[in-house]
Amino acid sequence: MSEQDTKPAESPEGAPPVSKPTFARLILAMLPRATAAFLGGFILCNLLGNLVRSRFNANDLLFGFDTRERPVLLWCTAALLLWTACRPPSAPLRRIIAGVLIGVSVLLLFSPCMRSVRSSLGLEFSHALAGMHMVTGIAVFWLEIWAMMPRKAWPSIPVLKRLPAFVVAFAIVLEGFLLAQLYGFGSASDAGKADCIVIMGSAVNRDGTPSLSLLDRTREGCKMYRRGLSENIILSGGVTYGVSEPRAMAEIALTLGVPSAALLLDEDGYSTYGSARSVRRIMQEKRWETALIVSHDYHLSRTWLAFRRAGIKANTAPARRSEFYLKPTLFQTFRESVAWVYYYFRPLWEPL
């Protein structure tokens, strides 16, 4: 390597030399732009998808309220975020204008949640993760406007170096969003009165005994029943090792004092998608409108999304885990992250 190659790049007009950032610093610098691109793209994808498939819009997961009431603000917010992602503010005037516009949009969009924000220390949630949504809004506002480094602060970097950094930053933001859905949305309970309680099935052991996850969910659902939140329980699941998951759940529920008249077995719930369809059919036959879904935290966001798109008004209640192991949890996180993305787009080619 020659001596000339080792010298830092010099700024024009005799300015102090500017060293090129490392790839890690470049990823860090791309995070605000990737955040704006993801959130703007997510909002826009939901709006466009809703034109193709009714009930596709999943912006409620981001904002924590029925976003159908504010379509114009959603379009404007998506445009502002994507504009910021494509051309980050550099001039002071544009930073102020972009900050005011995005700030007003965030305040207007999140204003319905202000009254519903509660502490996670045992107080009620009128909507799951309303507090997290507000924190997200504030964080986005700060990242996109005030933490954005002016473009002139960085030397000219080839596209072949910037693009990989942006892809990595975008992947980090995407996984952060998925983790918030798996363990943020899922851990918050908005349990309330409903026409039925839906307990999502889980595997049965090879010897025919219920797994701990199946026990956890069934116990939590029966707890909701004893609290008087509903007089009906739908046990939804498939068949594992030749044993019906709903029948295994029914045996547990009976031992916990739930009368057999309150139990409905849905053995067509071979998957979360299948459960959404079969539970909708049962609810239509019974003329029920609302459901309380019981499952584990990592599974609830995907389940809620499927049920909502099936036209079911659903709230969620997470079941406590009887066991926690790091390796299985990491596998569940990876599996559920992939499954969440698949379930998000699935209605485009397989409508519920």
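The values are calculated or read from the model by the stated rules, or taken from the named source; none is laboratory data. Bear in mind the structure is a predicted one, so any value in this text is a computation, not a measurement. For neighbour counting, all protein chains shown are included, and Cβ atoms are generated from backbone atoms with ideal geometry for every residue, glycine included.
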Sole exception among (1) free of Cβ contacts under 8 Å to residues at least 40 places away in the same chain; (2) exposed (fewer than 15 other Cβ atoms within 10 Å of the Cβ); (3) closer than 20 Å to Ser54 by Cβ for Leu326, by number: (3)
What about Ser90, is it at pLDDT 75 or above, among the small types (Gly, Ala, Ser) and outside any helix (DSSP H, G or I)? no
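Checking the condition in contact with a helix residue (DSSP H, G or I) (Cβ under 6 Å, 6 or more places away or on another chain) and assigned to a loop (DSSP other than H, G, I, E, B), which residue from Ser322, Ser301 passes?
Working: Ser301 fails: assigned to a loop (DSSP other than H, G, I, E, B).
It is Ser322.
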Phe65 is checked against (1) part of a helix (DSSP H, G or I); (2) closer than 27 Å to Tyr183 by Cβ; (3) modelled with pLDDT under 65 and fails just one. What number does that condition carry? (1)
Say whether the condition of being surrounded by fewer than 14 Cβ atoms within 10 Å (Cβ to Cβ) and of a type in the set (A, V, I, L, M, F, W, C) is met by at least one residue in region 223-235. no
Could you check, for region 174-183, whether at least one of its residues is over 17 Å from Ser295 (Cα atoms), within 17 Å of the chain's Cα centre (by Cα), at pLDDT below 50 and not in a loop (DSSP other than H, G, I, E, B)? no
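For (1) buried (at least 16 other Cβ atoms within 10 Å of the Cβ); (2) under 19 Å from Thr316 (Cβ atoms), each residue gets a yes or a no:
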| site | (1), (2) |
| --- | --- |
| Val258 | yes, no |
| Ala261 | no, no |
| Ser271 | no, yes |
| Ser275 | yes, yes |
| Val279 | yes, yes |
| Gln284 | no, no |
| Trp288 | yes, yes |
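Looking at Ala171, Ala194, which is the one that is of a type in the set (Gly, Ala, Ser) and assigned to a loop (DSSP other than H, G, I, E, B)?
The unique qualifying residue is Ala194.
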If only one of Gly242, Gly311, Gly269 is on the phi > 0 side of the Ramachandran plot and in contact with a helix residue (DSSP H, G or I) (Cβ under 9 Å, 6 or more places away or on another chain), which one is it? Gly311
List, please: which pairs have Cβ atoms under 9 Å, are six or more places apart or on different chains, and start with a residue in region 168-185 that is among the acidic types (Asp, Glu) and end with one that is in a helix (DSSP H, G or I)? Glu175/Ser337
